[in-house]
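The values are calculated or read from the model by the stated rules, or taken from the named source; none is laboratory data. All values reported here derive from a predicted model rather than from experimental measurement. For neighbour counting, all protein chains shown are included, and Cβ atoms are generated from backbone atoms with ideal geometry for every residue, glycine included.
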Amino acid sequence: MNSKLKFIFLFEALVGAAFLLMQCTSAPKENIEIGAEKAPATVFVANPVLVEEKPVGKLAIGDAAPPFNLPGIDDSYHKLEDYSDADVLVINFTCNHCPTAQAYEDRFIDVVNDYSGKKVAFVAISSNSPIGILPEELGYTDLSDTFEEMKIRAGDKSYNFPYLYDGDTHEFSLAYGPTATPHVFVFDKERKLSYSGRIDASEKPGTANGEDLRKAIDMTLEGRSLPESEAQTPAFGCSMKWAWKNEYTIKTNKAWEEKEVTIEKLSPDGLADLLKNDTDELLLVNFWATWCGPCIIEYPEFVTIQRMYGERDFQFVSISMDSPGQSDKALKFLKGKSSALPNYIMDTEDKYKVIEVVGKDWDGSLPITLLIEPGGEIAYRVPGTIDANELKKEIVDNALIGRYY
């Protein structure tokens, strides 16, 4: 084959490949049928952005359910009409991080189980914008409200309902107008609103059983209307995190970055006293060094953790294992990470004295992280790099912290 023909064949092959690539990447974000199953045409990637303030709707009893087309944690898109076979549709606007939402989580799961086989469909939607949430607002949780973290929470709790994401621009949630998380909407067979508001009137787990929601579902199934005074109730919980409400987020982040960062020298005896944790707080201690690659990569997670739980019975302390003469180098690193918290550097070159204080369970390798309860009991030990999600879960599920008010 001469060079001209080779060039023609190569050119045609490239054109064909490009056409196929265009067909794949331009496919609509909808499910495509493959036999009896659905598969996502494209993989959804969340992209929360700042949006201009928009009017928030408020559905009245009898209003039609606004349409939606939203990605779920199953990586498929879900539409309002997907649930047309149900005589009742319940939509719960909720989220990961809110303590009230977490307090009602098991009750909602129980309601879904109890109405299985009764032609009632359940959907949960998280409409919070992740860019509008500060670490300081996450003191009762291990997770924020990103799409990927929604998947984690759903797995942790074995959600038995679709969990959809509308946190990029709130395109569909604004039409419903949820005021807090959680806020449930109940629609009849014709998808007219029959109830809007709380799940029940008692936030604390174990004190109620979703009475308001159950009554709304039962009466809607029977074709009866709720009394006017009961058809719409307040929905107590965390305010919605709309993407235009970020002025406070920007201000708070800036204030944290401007906080003074210092470092103090600590003796082995001082370390021993510190690890006794003679306080009423949960103490998190991380041993690190500027020459330790994994240490400096994971370190920002600890600053976030302090910001998350610092207003509760919690304190994070960093301890540099750099040589005492490298205090300025350690401080420079800490300032770059906005580590405005108790920072120490050991005042001895003898690393084995430090290891002896920490205990025989430490082989001397860095990093190492200890979660210490009052009185010095180690509740959680991580030799090596942390799994940030697991560590946050250990903290928030400790009896000193907890997920509820």
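Brief remarks follow.
- Residues of the range 378-405 satisfying the condition of being under 25 Å from SER320 (Cβ atoms) and without any contact (Cβ under 8 Å) to a residue 12 or more places away in the chain: ILE378, ASP387, GLU390
- Verdict on THR181 being buried (at least 22 other Cβ atoms within 10 Å of the Cβ) and either out of contact with any Lys or Arg (no Cβ under 9 Å at 6 or more places or on another chain) or in the same structural domain as ALA124 (by TED's automatic domain parsing) (or both): yes
- Residue within the range 205-225 that is buried (at least 16 other Cβ atoms within 10 Å of the Cβ) and in contact with a Cys (Cβ under 7 Å, 6 or more places away or on another chain) present: no
- Flag for LYS38 being surrounded by 13 or more Cβ atoms within 10 Å (Cβ to Cβ), among the basic types (Lys, Arg) and modelled with pLDDT under 50: yes
- Residues satisfying the stated conditions in the range 225-250, i.e. more than 13 Å from VAL186 (Cα to Cα) and part of a loop (DSSP other than H, G, I, E, B): PRO227, PRO234, ALA235, PHE236, GLY237, MET240, LYS241, TRP242, ALA243, TRP244, LYS245, ASN246
- Scanning the range 192-218 for residues that are assigned to a helix (DSSP H, G or I) and touching a helix residue (DSSP H, G or I) at 6+ places or on another chain (Cβ under 9 Å) returns ASP212, LEU213, ARG214, LYS215, ALA216, ILE217.
- Test: residue in the range 321-335 that is touching a strand residue (DSSP E or B) at 6+ places or on another chain (Cβ under 7 Å), surrounded by 20 or more Cβ atoms within 10 Å (Cβ to Cβ) and within 23 Å of TYR140 (Cα to Cα): no
- Of the criteria (1) in contact (Cβ under 8 Å) with a residue 60 or more places away in the chain; (2) out of contact with any strand residue (DSSP E or B) (no Cβ under 7 Å at 6 or more places or on another chain); (3) surrounded by fewer than 19 Cβ atoms within 10 Å (Cβ to Cβ); (4) not β-branched (Val, Ile, Thr), which one TYR140 fails: (3)
- Pairs are defined by a Cβ separation below 6 Å, a sequence spacing of at least 6 or placement on different chains, a first member in the range 257-268 that is within 11 Å of LEU334 (Cα to Cα), and a second member that is of a type in the set (A, V, I, L, M, F, W, C) and in a strand (DSSP E or B); the pairs so defined are ILE263/ILE345.
- Restricting GLU264, GLU281 to residues that are surrounded by 15 or more Cβ atoms within 10 Å (Cβ to Cβ), modelled with pLDDT of 95 or more, in the same structural domain as LYS332 (by TED's automatic domain parsing) and of a type in the set (D, E, K, R) narrows the list to GLU281.
- Of the strands (runs of 3 or more DSSP E) lying entirely inside the range 59-159, those containing at least 1 residues that are in contact with a Cys (Cβ under 7 Å, 6 or more places away or on another chain) span 120-126.
- Within the span defined as the range 176-184, every residue fails to be out of contact with any strand residue (DSSP E or B) (no Cβ under 7 Å at 6 or more places or on another chain) and more than 15 Å from PHE93 (Cα to Cα).
Residue-by-condition table, conditions (1) aliphatic (A, V, I, L, M); (2) modelled with pLDDT under 95:
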position: SER3; (1), (2): no, yes
position: PHE9; (1), (2): no, yes
position: LEU14; (1), (2): yes, yes
position: LEU20; (1), (2): yes, yes
position: THR25; (1), (2): no, yes
position: LYS29; (1), (2): no, yes
position: GLU33; (1), (2): no, yes
position: VAL90; (1), (2): yes, no
